[in-house]
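Shown next, in structure tokens, is the structure this report addresses.
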Amino acid sequence: MFYKFNINKKLLLIKLSFFFYDCGIAPINPFLPTLARQRGIPVFVIGIIFTIMPIFNIVTRPIAGYITDRWHCRKQVFLGASLLNAFITPLIHFTPDFTDYRYAENLDIMTHWKFWIFFTTIIARMLLWMVGDVLQDTICLEMLGDNKKSYGRQRVWGAIGWGISTLLVGACVDWYSVDAEHKNYLPAYLIAMIFLICHFIVASQLDKNQTCTSKSMNNDVLKILCDVKVYSYLVWAVFAGIFTAYIWFYLFLYIEDLANIYHQERLPWIKTIQGFSVTVQCCIGEIPIYIMSGYILKRIGHMTAFSVAFAMFSIKFFLYSIIKDPLWVLPVELINGITFALAFVAGISYAAEVAPSGSAGTLQGLFGMAFHGIGISFGSFTAGYTFEHIGSSASFRLLSYVAFITFLVQLFVSQLIMRMSRPTENGTSDERTTKEIATCPENSLGLGFTNPIPVTSTDSFS
């Protein structure tokens with residue numbers, strides 16, 4: 001069978017929005033831990049910083065979703081967050097460092113006013129990113145309407161932008177820092193600012209098509225949250241966030257550790273290697289998963305997607321623990337599509353599926369709270385503690401075992417819930433109708449084509 005590929009001009013702007021937004025965020029987010037350590041901040045304190053920052057997700061994302069659902073101001077808040085971020089990001093360059101200071105204890109650095117200037121600046125930037133991120137997903141899902149199965153084909157452009165931007169920034173920072181004692185991140189700040197301004201221009205052209213809020217929105221959301229399937233879904237989102245935190249915020253520190261201990265000849269181009277590792281993650285590892293996400297979720301279901309992701313997290317962390325050369329990190333990053341991208345798309349699409357009319361932003365905010373808020377926050381703290389006390393390689397070895405145990409537990413719990421949801425003897429069940437299934441994200445091929453095989457019903461937990 002041959003399929004005809006057409007560009008949907010109505011969705012071109014949201015694709016560009018994802019691309020430019022991630023191009024503007026990527027120059028800073030993955031480099032922040034190495035930037036902080038270069039400024040003299042101990043690894044354990046870095047862990048505390050990245051524990052506190054995601055905690056704001058617990059409040060910021062659900063509140064942003066709820067407020068914009070309630071007062072129909074999604075686009076305005078989205079644009080404001082993007083533009084403010086463009087001008088706050090370069091301020092990080094002018095915050096003071098601590099390389100000339102010596103402290104008796106790691107935590108003593110947190111008593112200095114310079115630390116709080118740095119901390120406040122990056123917190124403000126991260127808050128704006130959190131708001132823009134959850135609203136962009138919600139706007140995308142609103143634009144897709146009943147065609148939510150093609151979310152992955154829009155989100156993939158963010159992965160492309162993220163991968164291209166990190167490689168560009170890494171190369172520019174290395175080039176700009178030739179013969180310098182420390183890396184100069186000025187190119188990163190300027191590149192981030194330019195891309196975020198481009199994003200503001202593109203996003204301002206998006207149609208304002210926010211769905212009207214249901215009068216019973218609060219009751220509808222509370223009813224959904226009483227479902228044990230949704231509770232378990234949020235728990236697995238937390239664990240996915242914990243594992244992702246080690247990669248998002250500590251992979252670059254690990255790469256630098258490998259270079260300093262085993263291959264110091266890699267240090268002059270370490271930022272290029274770090275940037276290219278993210279390019280491999282996004283542009284090679286994630287793109288196939290985003291494109292095929294509809295097909296994959298239709299075949300295996302949302303919860304099985306989490307199971308696969310946890311198993312692959314275990315393998316990935318084990319490979320990290322035995323690597324000695326920073327360059328060998330690059331092939332390992334090919335797994336990132338099955339770890340992060342698969343779990344993330346499963347989480348986003350499941351939230352969109354169960355969300356009542358007019359409450360899409362609220363449900364996406366709850367997923368963001370679980371993944372980015374609780375999960376990333378706890379993962380950042382444990383990563384900072386383990387990196388400081390047992391080292392980076394041993395930390396990844398330990399996390400490999402934890403991820404494997406999580407995989408086994410999640411598999412057991414999901415099977416148990418599915419058995420509880422099967423039809424009873426009197427014929428009642430927790431199944432969806434054919435019409436409901438036809439509009440669900442997983443009932444499609446990943447390239448956006450309707451499944452030609454008729455489906456009558458399936459378990460609502462799939």
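The values are calculated or read from the model by the stated rules, or taken from the named source; none is laboratory data. Just so we're clear, the structure is a prediction, and the values are computed from it rather than from any experiment. Note that each Cβ is placed from the backbone with ideal geometry, even for glycine, and that neighbours are counted across all protein chains shown. Accessible surface areas use protein heavy atoms only, side chains included; no ligands, DNA or RNA. Shrake-Rupley method; radii C 1.70, N 1.55, O 1.52, S 1.80 Å.
Of the residues Lys114, Lys149, only one is open to solvent by 30 Å² or more (accessible area, probe 1.4 Å), farther than 27 Å from Ile348 by Cα, part of a helix (DSSP H, G or I) and touching an Asp or Glu at 6+ places or on another chain (Cβ under 9 Å); which?
Lys114
Is it the case, given these coordinates, that Arg70 is in contact (Cβ under 8 Å) with a residue 40 or more places away in the chain, surrounded by fewer than 17 Cβ atoms within 10 Å (Cβ to Cβ) and closer than 25 Å to Phe252 by Cβ?
Spelling it out, it is not the case that Arg70 is in contact (Cβ under 8 Å) with a residue 40 or more places away in the chain, surrounded by fewer than 17 Cβ atoms within 10 Å (Cβ to Cβ) and closer than 25 Å to Phe252 by Cβ.
Among the listed residues Pro96, Pro90, identify the single one that is over 15 Å from the mean Cα position of the chain (by Cα) and part of a helix (DSSP H, G or I).
Pro90
Restricting attention to the stretch 50-67, and to residues there that are buried (at least 22 other Cβ atoms within 10 Å of the Cβ) and more than 11 Å from Val134 (Cα to Cα), which single residue is modelled with the lowest pLDDT?
Per the stated criteria, the residue is Pro54.
What do you reckon, is Ile123 under 23 Å from the mean Cα position of the chain (by Cα), modelled with pLDDT of 90 or more and surrounded by fewer than 17 Cβ atoms within 10 Å (Cβ to Cβ)?
Taking the combined requirement at face value, the residue satisfies it.
Is it the case that Val228 is more than 25 Å from Gln154 (Cα to Cα), at pLDDT below 95 and surrounded by 18 or more Cβ atoms within 10 Å (Cβ to Cβ)?
no
As an exercise: evaluate Gln154 against (1) in a helix (DSSP H, G or I); (2) out of contact with any helix residue (DSSP H, G or I) (no Cβ under 8 Å at 6 or more places or on another chain) and give the number of the one condition it does not meet.
(2)
List every residue pair whose Cβ atoms lie under 8 Å apart, where the two residues are 6 or more positions apart in sequence or sit on different chains, the first residue falls within the stretch 272-300 and is basic (Lys, Arg), and the second residue, located anywhere, is surrounded by fewer than 24 Cβ atoms within 10 Å (Cβ to Cβ).
Listed pairs, sorted by first residue: Lys298/Asn443; Lys298/Ser444; Lys298/Leu445; Lys298/Asn451.
Thr99 versus (1) closer than 25 Å to Asp133 by Cβ; (2) open to solvent by 30 Å² or more (accessible area, probe 1.4 Å); (3) among the β-branched types (Val, Ile, Thr): which is the lone unmet condition?
(1) is the only condition that Thr99 fails.
Let's see how each residue does on (1) of a type in the set (Ser, Thr, Tyr); (2) within 21 Å of Phe31 (Cα to Cα):
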{"position": "Gly241", "(1), (2)": "no, yes"}
{"position": "His263", "(1), (2)": "no, yes"}
{"position": "Ile270", "(1), (2)": "no, yes"}
{"position": "Thr279", "(1), (2)": "yes, yes"}
{"position": "Arg299", "(1), (2)": "no, no"}
{"position": "Met303", "(1), (2)": "no, no"}
{"position": "Asp325", "(1), (2)": "no, yes"}
{"position": "Trp328", "(1), (2)": "no, yes"}
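For the stretch 156-176, give me the residue count where each residue is open to solvent by 10 Å² or more (accessible area, probe 1.4 Å) and either within 21 Å of Thr68 (Cα to Cα) or more than 22 Å from the chain's Cα centre (by Cα) (or both).
Of the residues in the stretch 156-176, 4 are open to solvent by 10 Å² or more (accessible area, probe 1.4 Å) and either within 21 Å of Thr68 (Cα to Cα) or more than 22 Å from the chain's Cα centre (by Cα) (or both).
Buried (at least 18 other Cβ atoms within 10 Å of the Cβ), among the acidic types (Asp, Glu) and either outside any helix (DSSP H, G or I) or under 15 Å from the mean Cα position of the chain (by Cα) (or both): does that describe Glu256?
no
Conditions tested, residue by residue: (1) modelled with pLDDT of 65 or more; (2) touching a helix residue (DSSP H, G or I) at 6+ places or on another chain (Cβ under 6 Å); (3) open to solvent by 30 Å² or more (accessible area, probe 1.4 Å).
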residue	(1), (2), (3)
Val354	yes, yes, yes
Gly365	yes, yes, no
Ser380	yes, yes, no
Val402	yes, no, yes
Met418	yes, no, yes
Gly427	no, no, yes
Thr433	no, no, yes
Phe449	no, no, yes
